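Below you'll find the structure, written out as structure tokens, and then a few comments.
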Amino acid sequence: MTVSSSKESFPIVRQFFVALLWFAFSAQWTTVLSVIVPDQVASIAGPDSASKEGLSGTVLAAGAVVALIVAPLAGALSDRTRNPRGRRRPFLIVGVIGSCIGLMLMAPFGPGSSLAIYAIAFLNLTFWWNWMAGAYAGMVPDVVPEGAQGVASAWINIMTAVGTGLGNLLVAILYAPHHPTAVLAAVAGISLACLLLTLNRVKEPPSAGADSAFELRAFLRSFLIDPRAHQNFYWVLVTRLFVNMGVWSISTTLLFYLEDVIGVAQAVNVLPALVAAGAILSIPASLVAVWFSSRHGVIVIVKITSWVMVVATICYVLIPFRPHFALFAPAVLLFFVGWGAYQAVDWALALKVLPSRAFAGKDMGIWHIAFVLPLIIGPAVTGWLVSFLRLFVSAGVAYMGAFAIATLWFVLAATLIGRVRLSGAA
């Protein structure tokens with residue numbers, strides 16, 4: 001199995017095309033998870049349903065269970081694939097095409113639809129998302145030289161921010177409540193275009209396939225990484241899990257928070273515009289984070305950005321005392337600046353602690369668990385907690401309690417990242 005040499009030059013234009021597919025992925029999932037799924041679930045359950053938050057969180061959690069299994073599996077299988085044009089390529093093609101079909105299958109759902117069938121359609125979409133994402137995560141260390149991986153992490157985050165901004169801008173312009181077809185078609189078209197450009201411009205090293213015949217027991221054992229030999233890898237997993245617990249506990253309920261606590265009538269259009277603005281602000285924050293980390297190390301940036309998200313989340317907790325959009329908007333922007341700067345070094349930190357470059361797909365798939373496991377726990381717990389508390393107290397108090405828990409996740413991440421020990425100034 002061939003991987004790129006650390007001595008190979010890697011110009012900016014190649015960084016751009018490596019990160020391009022993640023741009024398309026971000027345009028999809030940030031809009032689908034934060035706006036389209038909550039809105040469609042609310043339309044199916046009824047906009048006045050007392051359990052809409054819990055139902056939305058449960059649908060998202062079910063999708064994350066699929067992701068938890070599929071991403072590491074796709075990464076590990078792509079490690080073993082024989083292909084003269086690259087071992088990740090077949091997975092990227094099938095995953096993107098499958099996700100585009102899956103997006104369009106979600107379009108017809110609205111008032112009167114079956115919530116169970118809608119959940120199945122979302123599970124199908126999640127499967128193809130992660131079939132692509134598991135292989136893509138392995139492709140990055142395959143094609144990016146070790147000395148360029150910090151810059152690659154920044155480029156992936158910049159493209160994440162641009163994709164998030166574009167996706168939410170499309171929602172703000174094209175989305176009518178309970179009518180997602182135009183937005184879903186637009187992001188599907190973007191994904192296909194980015195796939196074609198990636199396949200054309202990103203040259204993977206040829207892969208001769210696995211060194212040994214497939215054996216199920218050995219394959220499953222390969223997912224068990226010795227924590228004593230790879231402590232840094234596990235601490236990165238733990239802290240990344242806590243950060244994403246906070247992120248997904250908040251971001252998947254912000255639409256309802258804006259409607260029920262702040263009192264904004266057209267929240268389905270206002271929130272995407274605000275998220276797009278936050279994504280744009282996260283780009284310069286990312287560049288500053290990369291510059292700062294090159295001088296002071298990645299760990300310092302992870303710690304600082306986690307504390308920034310703590311401050312923003314505390315603002316969410318306090319806003320119900322005086323609910324006003326003028327207080328909500330700056331908190332959202334601050335949150336996205338912190339999250340964007342965190343993501344700028346997120347991939348770089350993972351690549352520094354990767355147990356094996358030869359099996360990067362599997363290892364990055366395991367790392368991806370720290371992204372999707374919070375999607376199982378965070379939205380469901382937060383959603384049902386809010387649904388329960390608002391029945392007995394109020395929406396404001398319910399969200400204060402839920403977001404206080406989210407604050408704790410960021411505090412744990414900021415505290416425990418100090419356990420990671422990297423050589424030199426890394």
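The values are calculated or read from the model by the stated rules, or taken from the named source; none is laboratory data. This one's a predicted model, so the numbers in the text were calculated from it and none came from an experiment. Using ideal geometry, Cβ is built from the backbone for each residue, glycine included, and neighbour counts are taken over all protein chains shown. Note: areas computed on protein heavy atoms with side chains; ligands, DNA, RNA excluded. Shrake-Rupley method; radii C 1.70, N 1.55, O 1.52, S 1.80 Å.
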Restricted to region 389-407, and to residues that are farther than 17 Å from E259 by Cα and in contact (Cβ under 8 Å) with a residue 24 or more places away in the chain, which residue is farthest from the chain's Cα centre (by Cα)? A404
Looking for whichever is over 26 Å from T253 (Cα atoms), without any contact (Cβ under 8 Å) to a residue 60 or more places away in the chain and not aliphatic (A, V, I, L, M) here; the options are G98, G138, G86. Which one fits? G98
Residue pairs meeting the criteria (Cβ under 6 Å; at least 6 apart or on separate chains; first over 13 Å from K352 (Cβ atoms) and among the small types (G, A, S), in region 222-233; second part of a loop (DSSP other than H, G, I, E, B) and at pLDDT below 70): none
Region 367-398, residues that are open to solvent by 40 Å² or more (accessible area, probe 1.4 Å) and among the β-branched types (V, I, T): I369, I377, V381, V393, V397
Considering every residue within region 35-42, establish whether at least one is assigned to a helix (DSSP H, G or I), open to solvent by less than 10 Å² (accessible area, probe 1.4 Å) and among the polar types (S, T, N, Q). yes
Which residue is nearest to V183 (Cα to Cα), if the candidates are limited to region 41-57 and must be in contact with a Gly (Cβ under 7 Å, 6 or more places away or on another chain) and among the polar types (S, T, N, Q)? S43
Subset of region 182-208 (residues that are open to solvent by 40 Å² or more (accessible area, probe 1.4 Å) and modelled with pLDDT under 90): K203, P206, A208
Test: A348 is under 27 Å from V65 (Cα atoms) and either buried (at least 24 other Cβ atoms within 10 Å of the Cβ) or in contact with a helix residue (DSSP H, G or I) (Cβ under 8 Å, 6 or more places away or on another chain) (or both): yes
Residue under question is A161, and the condition is that it be in contact with a Gly (Cβ under 6 Å, 6 or more places away or on another chain) and either polar (S, T, N, Q) or closer than 30 Å to R295 by Cβ (or both); does it hold? yes
Given the conditions (1) surrounded by fewer than 18 Cβ atoms within 10 Å (Cβ to Cβ); (2) modelled with pLDDT under 90; (3) more than 21 Å from the chain's Cα centre (by Cα); (4) within 27 Å of I250 (Cα to Cα), report the number of the one that S5 does not fulfil. (4)
Taking only region 399-425 into account, find how many residues are surrounded by fewer than 20 Cβ atoms within 10 Å (Cβ to Cβ), under 30 Å from R295 (Cβ atoms) and among the small types (G, A, S). 4
Every listed condition ((1) in contact (Cβ under 8 Å) with a residue 12 or more places away in the chain; (2) surrounded by fewer than 21 Cβ atoms within 10 Å (Cβ to Cβ)) holds for A326 save (1)
So which residues in region 286-322 are at pLDDT 90 or above and not β-branched (V, I, T)? K303, S306, W307, M309, A312, C315, Y316, L318, P320, F321, R322
How about region 238-297: which of its residues are open to solvent by less than 30 Å² (accessible area, probe 1.4 Å) and touching a Lys or Arg at 6+ places or on another chain (Cβ under 9 Å)? T239, F256
Report every pair of residues separated by at least 6 positions or lying on different chains whose Cβ atoms are under 8 Å apart, first residue within region 263-280 and over 16 Å from V162 (Cβ atoms) and in contact (Cβ under 8 Å) with a residue 12 or more places away in the chain, second part of a loop (DSSP other than H, G, I, E, B) and not aliphatic (A, V, I, L, M). G263/P323; V268/Y175; V268/P177; N269/Y175
Going by the conditions given, is P374 modelled with pLDDT of 80 or more and under 30 Å from V70 (Cα atoms)? yes
Can you tell me how many residues within region 164-181 are open to solvent by 50 Å² or more (accessible area, probe 1.4 Å) and in contact (Cβ under 8 Å) with a residue 12 or more places away in the chain? 7
Identify the single condition in (1) at pLDDT below 85; (2) in a helix (DSSP H, G or I) that A265 does not satisfy, given that it satisfies every other one. (2)
